[in-house]
Amino acid sequence: MNLPSTVKLVDVGPRDGLQNEKQLVPAAIKIELIHRLQEAGVKHLETTSFVSPKWVPQMADNAQVMAGLIRKTGVRYAVLTPNMQGLQAALAAPREQWPDEIVVFGAASEAFSQRNINCSIAQSIERFRPVAEAARAQGIHVRGAISCTVGCPYEGEIAPERVAMVARLMRDIGVQHIGVADTIGVGTPLKVKRALEAALQHYSVDDISGHFHDTYGQALANTLASLELGIWQYDTSVAGLGGCPYAKGATGNVATEDVVYLLHGMGIETGIDLDKLVDAGAFISDFLGRKPNSRAATALLNKREN
């Protein structure tokens, strides 16, 4: 089996993980979490989201977070900018506070696109076109996320052809990298492989990442299946931050700690110090008043106590 020797993890905890928390997390805590993650060796982070605070009040402090970061050489700082207003807000700060990368997000499900961002897939692509063009004109990398690539809470199973179509549309407007997301965590290895193979029709293996939710406990199995295709970049969330809003009480993003434990156990390099990562997860979990939603972190923390 020809697996990648190195994997890059994008920790989405500070943005995707925290955005739906009902408890308001102060900018200082978010900044400290980001600093702890980069000290643990995380080289790619989603830091915040430039969206209307009316829709996502947790991210209302986006400019404050970006201004407060002590940046580390070799780390890429990404922000979500779903439209031109978001991009303009992100670039309103002094240049040294600009993101290195912006993220736009579409869906492989027409119903999910309508419910999530109030427009069709085709309309969403046209909304992203000027965002991608303007970001690239400023030398900012453009990443796209494709939601619901294997299943949708409204449409059910999603055909791989839909993933290929959205990947092609994103490529055509200048999106440089795409994340293939199992947004509701219903994917199993064969389904995830088919979704990734569909995306590979339009992007190289170096420009695709996996984004797996653990709703049904399949995220690590799906990660392994993706590794077998040569996929070497993944979105993960420290302490498993972020639930699945479409499955009450279900877990959401796969925990960075669990993926790092898996990869290191396979001899695959990540550049991440697992102990420091566990500490970062414990820090934000303590603030939120709960235990980390990571089996590896729980086991390692228990081991320290004993």
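The values are calculated or read from the model by the stated rules, or taken from the named source; none is laboratory data. Since the model is a prediction, treat every value here as computed from it, not as a measurement. No Cβ is skipped: glycine too gets one built from the backbone with ideal geometry, and neighbour counts run over all protein chains shown.
The lone criterion from (1) of a type in the set (Phe, Trp, Tyr); (2) part of a helix (DSSP H, G or I); (3) surrounded by fewer than 19 Cβ atoms within 10 Å (Cβ to Cβ) left unmet by Tyr154 is number (2). Restricting to the range 111-120, and then to whatever is surrounded by fewer than 22 Cβ atoms within 10 Å (Cβ to Cβ) and touching a Phe, Trp or Tyr at 6+ places or on another chain (Cβ under 9 Å), can you tell me which residue is farthest from Arg95 (Cα to Cα)? The selected residue is Ala111. Determine, yes or no, whether Ala195 is more than 22 Å from Lys8 (Cα to Cα), of a type in the set (Gly, Ala, Ser) and assigned to a helix (DSSP H, G or I). Taking the combined requirement at face value, the residue does not satisfy it. Kindly check whether there is at least one residue in the range 96-111 that is assigned to a helix (DSSP H, G or I), modelled with pLDDT of 95 or more and not charged (D, E, K, R). There is at least one residue in the range 96-111 that is assigned to a helix (DSSP H, G or I), modelled with pLDDT of 95 or more and not charged (D, E, K, R).
Looking for something free of Cβ contacts under 8 Å to residues at least 24 places away in the same chain and not in a helix (DSSP H, G or I) - is there at least one such residue anywhere in the range 258-265? No: zero hits. The residue list Arg71, Arg129, Arg115 contains one member that is over 26 Å from Glu21 (Cβ atoms) and over 18 Å from the mean Cα position of the chain (by Cα), which is Arg129. Filter the range 193-240 down to residues that are closer than 18 Å to Arg168 by Cα and either at pLDDT below 95 or small (Gly, Ala, Ser) (or both) and give me whichever is surrounded by the fewest Cβ atoms within 10 Å (Cβ to Cβ). The residue in question is Ser204. Within the range 267-294, the set of residues being farther than 21 Å from His35 by Cα and crowded, with 16+ Cβ neighbours inside 10 Å comprises Ile268 only.
Scanning the range 177-192 for any residue that is in a helix (DSSP H, G or I), surrounded by 20 or more Cβ atoms within 10 Å (Cβ to Cβ) and within 19 Å of the chain's Cα centre (by Cα) turns up at least one such residue.
Residue pairs whose Cβ atoms lie under 6 Å apart, separated by 6 or more positions or on different chains, with the first residue in the range 202-223 and in contact (Cβ under 8 Å) with a residue 40 or more places away in the chain and among the hydrophobic types (A, V, I, L, M, F, W, C) and the second surrounded by 24 or more Cβ atoms within 10 Å (Cβ to Cβ) and assigned to a helix (DSSP H, G or I), are Phe212/Ala219; Phe212/Asn222. One residue stands out among those in the range 132-167 that are without any contact (Cβ under 8 Å) to a residue 24 or more places away in the chain and under 30 Å from Pro94 (Cβ atoms): the one that is nearest to the chain's Cα centre (by Cα), which is Gly139.
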